Amino acid sequence: MSLDPIAFTADLIRCPSITPFEGGALDLLQRTLEGLGFTCHRLPFSDVDTPDVDNLYARYGTAAPNFCFAGHTDVVPTGPVDEWSADPFLAEIKDGMLIGRGAADMKGAIAAFASAAQKFIDMGTFDGSISFLITGDEEGPAINGTKKMLDWLDETGEKLDICVVGEPTNPSELGEMAKIGRRGSMNMILTVKGIQGHVAYPHQADNAAHRLVAMLDALTSASLDEGNDHFQASSLQITSIDIGNPTENVIPGTAGARFNIRFNDMHTSDTLATWIRGKLDEASGGTEYDLMIRVSGESFVFQPGELSGLISDACEKVVGRRPELSTTGGTSDARFIKNHCPVAEFGLISQTMHKVDERTRIDDINKLSEIYLEMLEVYFHRK
């Protein structure tokens, strides 16, 4: 009996797997894959000051090459449930749309690939393996998920030869866009230390707010770059300015801000950290400050080649269009996988991910499964 990708998506949505809770989604996926002949490994990981997270690695076959599908079963919170047109975990179908948290991001893609894998396996023997690398920690800190799973693969001698991540890459129509890289991301917390005082006696104080404004201006008025063939220009965005001063007649002694840089492959986090500190030193006027930096991931790009061609050719055959090869958007777990094998991302439509009434066209799930099947057939030389 064939695995219906629509019904399987709905079953996965009915598992309330809000990060970091497994919610039954990995259990369901494991049962399904074991029924198809996959060998499954559950990989729970822990770390200091982060929630425990469960993960799943499943493989059909033992020979190389190993074609891996990577993704996540965890989802973001629903937001106000009363604003949804349907229960976010009931997976209702209305007007050709499957509604539910995770429909687009990315339980629909997991179901589509599982269905494609079953059809491919049912065609007979092939030279190679198919695997699933599925985490429950993509929407969270991403500490106990894909990164540690990849370490486990290395330790156990498991090798990935090529990987497709099923993130929702298409802006509005299936086949519009695939991701061949991602910008890097780094988050900064800046705290400026001045001297508190009375507003009528500024000469007896050192206004931390004034210092902070000057330092932020030094950062935002400078251009990092103008982009290149594969990347948009790098972008520094202030996300919060925090002074916490409840009165109008006190000069603040401390002031803080948070900002993020999304950067292309013309930089690394180390070169940007040096640049940031240089700008702050110049603008600070000698004022003491603290800067905390957390790097979410480095930028990367895989030049168009076998994997992007595989995706593009399959899209053209199934939906009649070749996707733009892009590096736009946020980060994904591809930033970890890139160190192990060629990786690209292709999945459903991104318009409603993380929103109230997240949804996906049921026809798109079926078409995505056809695209994945076409990729498997071409990769393993059945076509």
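Work from the charge dipole of the chain (Cβ charges, +1 for Lys and Arg, -1 for Asp and Glu, about the Cα centre) and give the residue of Gly286, Tyr379, Val48 farthest towards its positive end. Of the candidates, Tyr379 comes out farthest on the positive side. Which parts of the stretch 275-294 would a label at Arg258 reach, counting a residue when its backbone N lies under 14 Å from a point 7 Å out along Cα-to-Cβ? Within reach of a label on Arg258: 292-294. Under 16 Å of direct C-alpha separation, and excluding same-chain neighbours fewer than eight residues apart, Lys107 reaches these lysines: Lys355, Lys367. Taking Cα atoms only, the orientation of helix 208-220 departs from the longest principal axis of the chain by about 50 degrees. Neighbours of Lys179 by Cβ distance under 9 Å: Lys/Arg scored +1, Asp/Glu scored -1, total -1.
Prolate is the label for the stretch 184-297, because a/c, from the alpha-carbon gyration tensor with a ≥ b ≥ c as root eigenvalues, is 1.5 or above and a/b exceeds b/c. PRE reach from Gln204 (point 7 Å along Cα→Cβ): which of the stretch 239-265 fall under 16 Å by backbone N? Hits in the stretch 239-265 for Gln204 at 16 Å: 249-253.
Residues of the stretch 256-278 with an amide N closer than 17 Å to a point placed 7 Å from the Cα of Ile189 along the Cα-to-Cβ direction: 256-261. Cross-link reach is defined here as a Cα-Cα straight distance under 14 Å, omitting same-chain residues fewer than 8 places apart; for Lys317 the aspartates and glutamates meeting it are Glu176, Glu370, Glu374, Glu377.
Distant-in-sequence amide contacts of Ile18, defined by a placed amide H-H separation under 5 Å and a gap of 5 or more residues or a different chain, comprise Val75.
The amide H of Glu92, built 1.01 Å from its N in the peptide plane, has Ile99 as neighbours under 5 Å, considering only residues 5 or more places off or on other chains. Hey, with R₀ at 41 Å, roughly what FRET efficiency would Asn228 and Val48 work out to, going by the Cβ-Cβ distance, to 0.05? It comes out at approximately 0.60.
Net charge in the neighbourhood of Glu22 (other residues with Cβ under 14 Å of its Cβ; Lys, Arg +1, Asp, Glu -1) is -3.
Rounded to the nearest 5, the antiparallel percentage of DSSP beta bridges internal to the chain is 70%.
The HN-Hα couplings worked out from phi for the stretch 151-162 by the Karplus form 6.51 cos²θ - 1.76 cosθ + 1.60 (θ = phi - 60°) are 4, 5, 4, 4, 5, 9, x, 7, 10, 9, 9, 7 Hz, whole numbers, x standing for Gly and Pro. For Arg182, Arg14, the sequence from fewest to most other C-beta atoms within 10 Å is Arg14, Arg182. Pairs with C-alpha atoms separated by more than 29 Å, drawn from the list Lys279/Lys338; Lys94/Lys338; Lys147/Lys279; Lys148/Lys179, are Lys279/Lys338; Lys94/Lys338; Lys147/Lys279. Shown here for the stretch 244-315: GluC sites (Glu not before Pro) in loop regions (DSSP other than H, G, I, E, B) with at most 11 other Cβ atoms within 10 Å, namely Glu248. Along the stretch 123-134 the Karplus relation, 6.51 cos²θ - 1.76 cosθ + 1.60 evaluated at θ = phi - 60°, assigns HN-Hα couplings of 6, x, 5, 8, 8, x, 9, 10, 9, 10, 10, 10 Hz to successive residues, with x for each Gly and Pro. Counted by Cβ distance under 13 Å from Ser299, the other residues give a net charge of +2, where Lys and Arg count +1 and Asp and Glu count -1. Considering only Ala200, Ser240, Met186, the residue lying farthest towards the positive end of the dipole of the stretch 184-297 is Ala200, judged by Cα position with unit charges set on Cβ.
For the pair Asp154 and Ala214, label points projected 7 Å from Cα toward Cβ lie 4.5 nm apart.
Fewest-first ordering of Met353, Met123 by other beta carbons within 10 Å of each residue's beta carbon gives Met123, Met353.
Considering only Gly145, Ala103, Ala64, and ranking their Cα positions along the charge dipole of the chain that arises from unit charges at the beta-carbon of Lys, Arg, Asp and Glu, the one farthest toward the positive end is Ala64.
Could you give the size of the charge dipole of the chain about its Cα centre, using +1 on the Cβ of each K and R and -1 on the Cβ of each D and E, expressed in debye and rounded to the nearest 20? Using Cβ point charges on Lys, Arg, Asp and Glu, the chain gives about 280 debye.
Here Cα Rg over 2.2 N^0.38 Å was computed from the coordinates, and among (i) 1.17; (ii) 0.98; (iii) 1.12 the match is (iii). Computed extension gain for Asp290 through Thr271, at 0.36 nm per residue and net of the alpha carbon distance, reaches 5.0 nm.
Could you give the size of the charge dipole of the stretch 184-297 about its Cα centre, using +1 on the Cβ of each K and R and -1 on the Cβ of each D and E, expressed in debye and rounded to the nearest 20?
280
Between Ile238 and Thr125, the modelled labels are 6.7 nm apart [label points 7 Å from Cα along Cα→Cβ].
Which FRET efficiency value, to the nearest 0.05, do you get for Glu92 and Arg321 by plugging their Cβ-Cβ distance into 1/(1 + (r/R0)^6) with R0 = 30 Å? The computed FRET efficiency comes out at 0.55.
No lab work stands behind these numbers, since they all come straight from the coordinates. Here the structure is a predicted model, which means the values were calculated and not measured. Virtual Cβ from ideal backbone geometry, glycine too; neighbours counted across all protein chains shown.
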